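The values are calculated or read from the model by the stated rules, or taken from the named source; none is laboratory data. Worth saying up front: this structure is predicted, and the values here are computed from it rather than measured. Positions of Cβ are generated from backbone atoms using ideal geometry, with glycine treated the same way; all protein chains shown enter the neighbour counts. Heads up: the accessible areas ignore ligands, DNA and RNA and are worked out on the full protein's heavy atoms, side chains in. Shrake-Rupley method; radii C 1.70, N 1.55, O 1.52, S 1.80 Å.
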Amino acid sequence: MNASHARLFAAIAMTLALTACQKLGGITAAGGDKAQNLTVGETVSGEITSSSTLNYNDGSRHQGYKVTMKSGEAVSLELGGSLSGQLAVFDGQNMIANASSSSSGEGDSAGSVNLAFRAPKDGSYLIAVNSASADAFGPFKLKAAKVVPYDGKPLGADSEATDWLMGDKQEYKLKIDKAGLYAITLESSAFDAYLHLNGRNVELEDDDNGGNLNARIRTYLEPGEYTIAASSVNGNTGSFKLNVKLTPTENGLVTRDGTALTIGQTAQSMMDSRGRRTFVLNLDAPKHIQFDAIADGFDSVLKITGPGVDEENDDGGNGTNAQLTLDLRAGRYIVAVTSLGSQQGVFELETTDLGGGDVAAPANSNRKDAAEEAAADAAAAVIN
C-alpha cells in the first residue's frame, strides 16, 4: 500500500469511527465531555439551535448535562418550553431511560416531557436533551428533582398515594377492612395509565375508564388483602396519583338475583361468577320504559322477557353500554344484564318511565300472555 492510499484509508476509517460514535443513541462521546453539570434540585435553561451538536443518525440536535448520583437514588426530570424535544439518560454508552414529548402536536405548546430513573450505581450520568426532529429548535428548561418514593404502607379506603413510575410496573398493597363498592383510580399527565387489581378471587384490569388516559377500576371488594399494579401503556415514566375510595350505594349493592326493580330508581349491582345478574320488574299498568345498563370496565348486554316481549341489546347506549326502550303491558318481566366474555365488575341499571304508556294488547293474546307469565314466574322462582 503506497502512502497516498494509506492516508486515504486512515481518513475513511476515522470518518466511519466518528459516524458510529455519533450514532450511538444520538449522543457523541465528545458531547458527553462537553456536557454541563446539573445539580439535583435545580432548573437549568438552554436552547437547541442550528449550532447545537448534531446527531448524524437523524439530523436532530442535542445538549448534554452531567448529573452525579448515588446508587439507588431516584431523580425526576421535566423538560419544558417551546422545544419539541426528547429526554434520554446514559450510563456510559448504555441508554437506561428515555421519554418523548406528550404533545398532541396542536397549538404553539410543544408539551412537557417527564422522565424518572433510578441510579444503578454511584457515578455520573449523561442527560441528553434532544430535538424531536431535524427541524425542531427552540428554548427549553430542564428541571431535576429528587424523588421521595411512596412509604410502602398498605393503601385502604379513602387513601391516596403520590409516587413516580420508575420502570415497567410498580405494585402496591391494598388492605380492605369493610366490604363495599370501591373505586381505584390511577391518574397521570406524564403517561397513559394502566391498572391491574388481583386478590380474593378478583382479577381486574383497566386502561382508560378514568378519562384523559387515566385508569379506573370500580368493583365490590370483600375484606382482605389485594395487590394494585400501576404501569404505563406508552412506556413513559413520571409522576402519578393512586386513589382508593369507598363509594356509597344509595340503596345498597344488589348481589342477589331476582331483586325487584323500582321505576325511576337506579339499581347498583355486580356480576355473579358467570358474568350475569337478573332482576324482576312488575307492572300493574302499561308503560313506556327505557332500560340502561351502565357498566364500568366491561361491555354490557340487556335482555328483557315477559308478556309479548323477548328483546336483547348490546351497544344501544353510550359506548358499549346497553339500552332498550320498550312499550310494556301490565305483567311480570325478567330483566337480565350480562357481560360479554363473562367479565366481572359493577354496573348500574336505570329504569325510566318515558310516559305515553297506552300499549294495546295484540288480538288473541290472552293464552300466550298467560303462558309467558307462567314461564316468567317459573324463571323467577328458580332464580330465587
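Excluding same-chain neighbours fewer than eight residues apart, the lysines reachable from Lys245 by a Cα-Cα span under 23 Å are Lys153, Lys169, Lys173, Lys175, Lys178. A 1.4 Å probe run over the protein chains yields, for region 65-208, 49 Å² of accessible area per residue, whole-number rounding.
Before I look further, what does region 212-258 give for accessible area per residue, probe 1.4 Å, in whole square angstrom?
48
The mean of 1/r over all pairs of different alpha-carbon atoms in region 200-288, once inverted, gives a Kirkwood hydrodynamic radius of 16.6 Å. FRET efficiency for the Lys70 to Leu354 pair, using the beta carbon distance and R₀ = 41 Å, is estimated at 0.05. In this label model, Ser82 and Glu203 are separated by 5.3 nm, measuring between points 7 Å along each Cα→Cβ vector. Counting 0.36 nm for each residue step from Gln343 to Asp168 and taking away their Cα separation leaves a gain of 60.4 nm. Taken one residue at a time, the phi angles of region 40-52 give Karplus couplings (6.51, -1.76, 1.60, θ = phi - 60°) of 4, x, 10, 10, 10, 10, x, 8, 8, 10, 5, 8, 5 Hz. Gly and Pro are set to x. Surface composition of region 60-181: carbon and sulfur atoms hold 44% of the protein heavy-atom accessible area at a 1.4 Å probe.
Were the residues from Thr247 through Lys34 laid out at 0.36 nm apart, the gain over their Cα-Cα distance would be 71.2 nm. Here Lys143 is the anchor, and the lysines within straight C-alpha reach of less than 17 Å, apart from those fewer than 8 places off in the same chain, are Lys66. Placing dummy labels 7 Å off each Cα toward the beta-carbon, the span from Asp314 to Ser124 is 6.1 nm. In region 191-259, carbon and sulfur make up what percent of the accessible area (probe 1.4 Å)? Summing carbon and sulfur atoms, their accessible area is 40 percent of the total for region 191-259.
For Glu160, the solvent-accessible surface with a 1.4 Å probe is about 100 Å², rounded to the nearest 10. The solvent-accessible area of Val202, taken with every protein chain present and a 1.4 Å probe, is close to 20 Å².
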